[in-house]
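Structure record follows, encoded as structure tokens.
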Amino acid sequence: MMQNQTAPTHPQRALVIDDHPMFCDALELTLRNAAAFEDVATADSLTTGLEVLSRDGPRDLIVLDLNLPDVSGFDGLIRMRTQAPDTPVIVVSSMAENAIISAAIDAGASGYVPKHAPHSEFRAALDAIAQGSTYLPEQYVECPQPSDRADAVTRLRSLTAQQARILELICDGKLNKQIAFDLSIAETTVKAHVTAIMRKLAVQSRTQAVLVAQQAKFAAILPSADA
């Protein structure tokens, strides 16, 4: 983690996950020039980002956009924290609502920077996280999450990376046989994972598991939002 304030003993490695090429390139340059990251990988989807981590090993920092082609809501952040539990994650998003920021921190983000913020704010976030602090935008006003939503996020964070992926497929309406085919695993393995998922989420059915997952969607946090 980036909590040690002494000089790093190895080249700093970062991963930027954002599906807007120009913004992704800008973040990469900022990390290289302002924060001396020597190795900055980029990905345009959560799936690709997870593949980078699996292939190349852990990173010292992950910069993550919430709006990605293959995720909806905070499930991407939760899955990333599950895959890389010891790596700080800065969320960089076009959404700047207090409720969204609060939910992102509850889901495990180490910092939150709106996309419209100046580069100096991103650098401030890097400095705060390097010192082991959580970074919040200056305009942020604390917005505690309802207890049921916070509890749902906590339970979702207890899932392994494979279980989180299987829950996502369950939410897509896929049956165990289809999930087994998609993930190239045995159907009995899927059944075992589903049982474990329901136990960790404290639910009795797949439908209830889907309802817990829905608590991490943007619509559940901003039900009246148009975007």
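The values are calculated or read from the model by the stated rules, or taken from the named source; none is laboratory data. If you're wondering where the values come from, they're calculated on a predicted model, not measured in any experiment. Virtual Cβ from ideal backbone geometry, glycine too; neighbours counted across all protein chains shown.
Would it be correct to say that GLU187 is farther than 23 Å from LEU201 by Cα and of a type in the set (D, E, K, R)?
Numbers: farther than 23 Å from LEU201 by Cα: no; of a type in the set (D, E, K, R): yes.
No, not satisfied.
Do the conditions hold for VAL210, that is, is it surrounded by 13 or more Cβ atoms within 10 Å (Cβ to Cβ), of a type in the set (Val, Ile, Thr) and not in a helix (DSSP H, G or I)?
Details: surrounded by 13 or more Cβ atoms within 10 Å (Cβ to Cβ): yes; of a type in the set (Val, Ile, Thr): yes; not in a helix (DSSP H, G or I): no.
No.
Only one of these is over 9 Å from the mean Cα position of the chain (by Cα) and within 20 Å of LYS115 (Cα to Cα): LEU61, LEU66, LEU50. Name it. Reasoning before the result, please.
Working: LEU66 fails: over 9 Å from the mean Cα position of the chain (by Cα); LEU50 fails: within 20 Å of LYS115 (Cα to Cα).
None of the other options fit; the residue is LEU61.
Checking MET198 against (1) modelled with pLDDT under 90; (2) surrounded by 17 or more Cβ atoms within 10 Å (Cβ to Cβ): exactly one of these is not met. Which one?
Just one mismatch for MET198, condition (1).
So, of the residues in segment 115-137 that are free of Cβ contacts under 8 Å to residues at least 60 places away in the same chain and touching a helix residue (DSSP H, G or I) at 6+ places or on another chain (Cβ under 8 Å), which turns out to be surrounded by the fewest Cβ atoms within 10 Å (Cβ to Cβ)?
THR134
What single numbered condition from (1) free of Cβ contacts under 8 Å to residues at least 40 places away in the same chain; (2) surrounded by fewer than 17 Cβ atoms within 10 Å (Cβ to Cβ) fails to hold for GLN163?
Exception for GLN163: condition (2).
Tell me whether segment 110-130 contains one or more residues that are modelled with pLDDT under 90 and over 21 Å from CYS24 (Cβ atoms).
There is at least one residue in segment 110-130 that is modelled with pLDDT under 90 and over 21 Å from CYS24 (Cβ atoms).
Just name the residue that is modelled with the lowest pLDDT out of those in segment 59-96 that are closer than 23 Å to PRO146 by Cα and out of contact with any strand residue (DSSP E or B) (no Cβ under 9 Å at 6 or more places or on another chain).
SER72
Looking at this structure, is THR82 under 18 Å from ALA164 (Cα atoms) and not in a loop (DSSP other than H, G, I, E, B)?
Details: under 18 Å from ALA164 (Cα atoms): yes; not in a loop (DSSP other than H, G, I, E, B): yes.
So THR82 fits the description; yes.
Looking for whichever is in contact with a strand residue (DSSP E or B) (Cβ under 7 Å, 6 or more places away or on another chain) and of a type in the set (Gly, Ala, Ser) here; the options are ALA41, ALA34, ALA99. Which one fits?
Unique residue meeting the criteria: ALA41.
Could you give me the residue pairs with C-beta distances under 6 Å whose first residue belongs to segment 83-111 and is free of Cβ contacts under 8 Å to residues at least 60 places away in the same chain, whose second residue is of a type in the set (Lys, Arg) and surrounded by fewer than 19 Cβ atoms within 10 Å (Cβ to Cβ) wherever it lies, and which are 6+ apart or on separate chains?
SER94/LYS115
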